[in-house]
Amino acid sequence: MRIQIGSSLTYDLPQATPMIALLNVHYSRFGDLESSDQLATTPRVRVTNYRDGFGNWCNRLVAPAGRFTLATSAVIRDSGLPDPVDLSAWQHPVEELPAETLAYLLGSRYCETDRLTLEAWRLFGNGPTGWALVQTICDFVHRHIEFNYNYADATRSAAEAYRDGRGVCRDFAHLAIAFCRCMNIPARYCTGYISDIGETPPFGPGDHAAWIEVYLGGQWRIFDPRNNKRRIGRILIAQGRDASDVPLIHSFGPNILQEFLIVCDPAAD
């Protein structure tokens, strides 16, 4: 299956503003791209690249004052299969976890394990372990949080999402991550594209999505507490401890977002 992907973000800037953009497909999917999804800007500016501490591909630039657009576009090959399932994936004892997973057991900016540990053990401490435990957590979060784009709040944390019972996909992800970490399962935040392939129309407006990966049975596994189902055409852009590590645009100055467009649709043959 071929999928057309792309994004376009247009800002009004009162002054020249340094930016870091995470809009390119994650290196784990580079081999599936039919052509590079190189970042393009209008007007054109010099762009330099680097990998951050999580391996994400970052674009560094200085946007001029005025109207400024960042855009990517590409066609990517995909299996066309839903996210994989492994009901037998086991939970590792903490002392046996690989060292590189341990950072994803700790509290972070939006995932306050210290505030949620007692509640997590009250809710999930007498239940299953492994894959079944993560699915139980995702089921709970999916039911507990009411989704609405009007509930978006860039500063809402996992504990606040639990208290408020509302949010957007990042809030679902943060709460599920925090609960998993409280239950000694490494969990990390992912952002990227999710297509509507295989879903029932009508479809909502295109948007970047947030989901989670947890370390079970010797590898990272995809879960999606917002949609709470296996999806087709999930394409990773970046991953980190929480949303503070992987903003699509990190702007070092004031700005007004004027337009935000996302494409993730089947490509014509």
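The values are calculated or read from the model by the stated rules, or taken from the named source; none is laboratory data. The model shown is predicted, which means the values in this text are computed figures rather than measured ones. For neighbour counting, all protein chains shown are included, and Cβ atoms are generated from backbone atoms with ideal geometry for every residue, glycine included.
Would it be correct to say that Tyr149 is of a type in the set (Ser, Thr, Tyr) and surrounded by fewer than 24 Cβ atoms within 10 Å (Cβ to Cβ)?
Criteria met by Tyr149.
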What about Asp52, is it touching a Lys or Arg at 6+ places or on another chain (Cβ under 6 Å), of a type in the set (Asp, Glu) and at pLDDT 95 or above? no
Give segment 169-194 a look and list any residue that's part of a helix (DSSP H, G or I), under 9 Å from the mean Cα position of the chain (by Cα) and more than 19 Å from Leu133 (Cβ to Cβ), or say none. Cys169, Arg170
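Kindly establish whether Pro93 is surrounded by fewer than 14 Cβ atoms within 10 Å (Cβ to Cβ), modelled with pLDDT of 95 or more and within 18 Å of the chain's Cα centre (by Cα). Reasoning before the result, please.
Numbers: surrounded by fewer than 14 Cβ atoms within 10 Å (Cβ to Cβ): yes; modelled with pLDDT of 95 or more: yes; within 18 Å of the chain's Cα centre (by Cα): no.
It is false that Pro93 is surrounded by fewer than 14 Cβ atoms within 10 Å (Cβ to Cβ), modelled with pLDDT of 95 or more and within 18 Å of the chain's Cα centre (by Cα).
If you check Asp32 against the conditions, is it touching a Gly at 6+ places or on another chain (Cβ under 9 Å) and either at pLDDT 95 or above or under 16 Å from Leu236 (Cα atoms) (or both)? Working first, answer last.
Values: touching a Gly at 6+ places or on another chain (Cβ under 9 Å): no; either at pLDDT 95 or above or under 16 Å from Leu236 (Cα atoms) (or both): yes.
In short, no.
Being in contact (Cβ under 8 Å) with a residue 24 or more places away in the chain and touching a strand residue (DSSP E or B) at 6+ places or on another chain (Cβ under 8 Å) is the filter; apply it to segment 157-167 and report the residue that is surrounded by the most Cβ atoms within 10 Å (Cβ to Cβ).
Ala158
Just to be sure, is Asp83 of a type in the set (D, E, K, R), at pLDDT 95 or above and farther than 30 Å from Thr117 by Cβ?
For Asp83, the condition - of a type in the set (D, E, K, R), at pLDDT 95 or above and farther than 30 Å from Thr117 by Cβ - is not met.
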Would you tally the residues in segment 37-64 being exposed (fewer than 12 other Cβ atoms within 10 Å of the Cβ) and among the small types (Gly, Ala, Ser)? 1
Any residue in segment 184-211 that's within 25 Å of Ala120 (Cα to Cα): show its pairings with residues that are modelled with pLDDT under 90 and of a type outside the set (A, V, I, L, M, F, W, C) at Cβ separation under 6 Å, as long as the two are six or more apart or on different chains. Thr191/His208
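I'm trying to understand the selection: among the residues of segment 243-265, which are assigned to a loop (DSSP other than H, G, I, E, B) and crowded, with 21+ Cβ neighbours inside 10 Å?
Going residue by residue through segment 243-265, those that are assigned to a loop (DSSP other than H, G, I, E, B) are 246-248, 252-255.
Of everything in segment 243-265, just one residue is assigned to a loop (DSSP other than H, G, I, E, B) and crowded, with 21+ Cβ neighbours inside 10 Å, namely Val246.
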Any residue that is surrounded by fewer than 24 Cβ atoms within 10 Å (Cβ to Cβ) and not in a helix (DSSP H, G or I) - is there at least one of those in segment 110-117? yes
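Against the definition (assigned to a strand (DSSP E or B) and closer than 28 Å to Pro98 by Cβ), how does Thr136 come out, yes or no? Give the derivation first.
Details: assigned to a strand (DSSP E or B): no; closer than 28 Å to Pro98 by Cβ: yes.
Against the criterion (assigned to a strand (DSSP E or B) and closer than 28 Å to Pro98 by Cβ), Thr136 does not qualify.
Show me the strands (runs of 3 or more DSSP E) found entirely inside segment 1-95 where at least 2 residues are under 25 Å from Arg231 (Cα atoms).
Details: elements: 2-13, 17-21, 40-42, 48-51, 57-63, 66-77.
Here the list reads 2-13, 66-77.
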For segment 139-156, which residues satisfy the criterion of being touching a residue at least 60 places away in the same chain (Cβ under 8 Å) and either outside the structural domain of Asp207 (by TED's automatic domain parsing) or part of a helix (DSSP H, G or I) (or both)? Asp139, Val141, His142
Take the residues in segment 120-134 that are surrounded by fewer than 17 Cβ atoms within 10 Å (Cβ to Cβ) and within 20 Å of Lys229 (Cα to Cα); name whichever of them is farthest from the chain's Cα centre (by Cα). Pro128
Looking only at segment 198-214, which residues are crowded, with 23+ Cβ neighbours inside 10 Å and either farther than 17 Å from Leu236 by Cβ or of a type outside the set (Val, Ile, Thr) (or both)? Ala209, Ala210, Trp211
